[in-house]
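Note sheet for the following structure.
The values are calculated or read from the model by the stated rules, or taken from the named source; none is laboratory data. Everything numeric here is computed off the predicted structure, so don't read it as measured data. Here the Cβ is made from the backbone with ideal geometry for all residues, glycine too, and neighbour counts use every protein chain on show.
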Amino acid sequence: MLPSMEALFGELTRRFGPKRCLTQPESLLAYECDGFTIHRQRPLAVVLPEDTEEVVAAVRLLHAHRVAFLPRGAGTGLSGGATPTEPLVILDTARMKRVLRVDPEERIATVQPGVVNLDLTRHVRAHGLHYAPDPSSQSVCTIGGNLAENSGGPHCFKYGMTTDHVLGAKVVLPDGTLVELGGPAGARPCGGLDLTGLFCGSEGTFGIATEITVRLSPDPESTVTLLASFRSMRDACGACSDIVAAGLVPAALEILDKATIGAIEASVYRAGYPADAAAVLLVELDGPAAATEADAEEVLMLCRSRDAIAIETAHSPEDRLRLWKGRKGAFGAMGRLSTDLYVLDGVVPRTRLIDTLETITAIGAKYRVTLTNVFHAGDGNLHPNIAYDGRDAEETQRVVAAGMEILRTCVAAGGSITGEHGIGSEKLDHVALMFTAEDLEVMERVRSVFNPDGRCNPGKVLPTRNSCAEVGRWPEMVARVLDPGGPSP
């Protein structure tokens, strides 16, 4: 170890103690990747602060020693955002898990970044309130991570993404300066810049949020949850489009394919989904009781018009939780298929869902990968899942090539390379599919205002010039995977 690093680790250990400054290889193993397991690298050390003051102290030390760092929440991200791309120090916010303030009348709460998403709703439930953004990992993911990635979830169709619910944050910039963005009065001051909105989704490259003020939502008077089963994915997607075209705004519109249903029903997340369905459509309506009852009747009619095999309506909170158990546990159920799971995150116009899914199925066959689909149908936010053995280099290469072609397909359909998982390190080679060199230069200039030295979560979100060039060579890269004996690109 270099003398300068020994000095830094000594200072960090004196400040935080050996139990909150981890440097042993076995302690660092759990931090070598997030939920995107294709990219792995262990950090130099992990520091676990407990409040804003300690984050400021840690960042100032790292800045003084010119050592790069990245903030990490629960590590449930799916694009490599919390994975080191070079030797650096991780600031883990797991101990920053206090709900600092709740104002039921104003319907706001201020929390530390390590507060688990679902725990916030549990904390305010007695006030008839909840926190609306609900990623599928909401029982373990944290508010800080949700802010960094601008996370969505099944209910974002009606309630919006994380950025729609964050009013402000205390942020420690990469040099240790503490600033306040927004606040209880709103994310943007009168006549000012929306720096809160800019920070949300910056994937830990602008700094570390240490206190986050969020908007709480009142619990609806009534909730109706339905599960419609179909003989084909085309009918399920058609029913989804019909529901939206009719002017209905469900809280959630989710679709799961046959392979996903099979994995769920063979797992601890089994929810009683019909085994003979090619796809199921999970619809949730909420609001005034009279409105949800009328909307539910219309949804039933629209699903029947698409020849639904069966429709189940949840008649109790227990039934509702059971229907959601399968959807929320879908990614966990994929663990039965192989050792690793690559969860993609492309977006297409809702009317292009079925065409895109058919192309994705063909891509899966082309690369000989195990493919399943579960997605936010109302938003056109697709999550093709590829189960694979990460110990097999050849299979992993096919998986990466298939993923690249799938995201290229989404862009060609008029969509995006990400809806809620972010760019991280996963999609650096895909960014140029959507943005020009001029676009990227503007983004780099904005980031440099917050992170001028590039030492806060380096190697994320914005590609280097070399990685942009790689996208231009995409056909050659795919040809190499499909024909390993062919000429090298």
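Summary of values
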| quantity | calculated |
| --- | --- |
| Region 21-68, subset among the aliphatic types (A, V, I, L, M) and assigned to a loop (DSSP other than H, G, I, E, B), residue nearest to Pro384 (Cα to Cα) | Ile38 |
| Of the criteria (1) in the same structural domain as Pro184 (by TED's automatic domain parsing); (2) in a loop (DSSP other than H, G, I, E, B); (3) among the aliphatic types (A, V, I, L, M); (4) surrounded by 24 or more Cβ atoms within 10 Å (Cβ to Cβ), which one Ala132 fails | (4) |
| Sole exception among (1) assigned to a strand (DSSP E or B); (2) on the phi > 0 side of the Ramachandran plot for Gly272, by number | (1) |
| Filtered residues of region 166-190 (kept if surrounded by 22 or more Cβ atoms within 10 Å (Cβ to Cβ) and either of a type in the set (A, V, I, L, M) or in contact with a Pro (Cβ under 6 Å, 6 or more places away or on another chain) (or both)) | Val166, Ala169, Val171, Val172, Leu181, Ala187 |
| Leading residue by the ranking (nearest to Phe375 (Cα to Cα)) among those in region 91-129 that are of a type in the set (Val, Ile, Thr) and buried (at least 24 other Cβ atoms within 10 Å of the Cβ) | Val115 |
| Criterion: closer than 21 Å to Val140 by Cβ and in a helix (DSSP H, G or I) - qualifying residue of Gly335, Gly378 | Gly335 |
| Residue satisfying all of: in region 62-90; of a type in the set (D, E, K, R) and over 17 Å from the mean Cα position of the chain (by Cα); surrounded by the most Cβ atoms within 10 Å (Cβ to Cβ) among these | Glu86 |
| Thr93 among the polar types (S, T, N, Q) and touching a residue at least 24 places away in the same chain (Cβ under 8 Å) | yes |
| Unmet criterion (only one of (1) surrounded by fewer than 18 Cβ atoms within 10 Å (Cβ to Cβ); (2) out of contact with any Lys or Arg (no Cβ under 9 Å at 6 or more places or on another chain); (3) acidic (Asp, Glu); (4) modelled with pLDDT of 65 or more) for Asp453 | (2) |
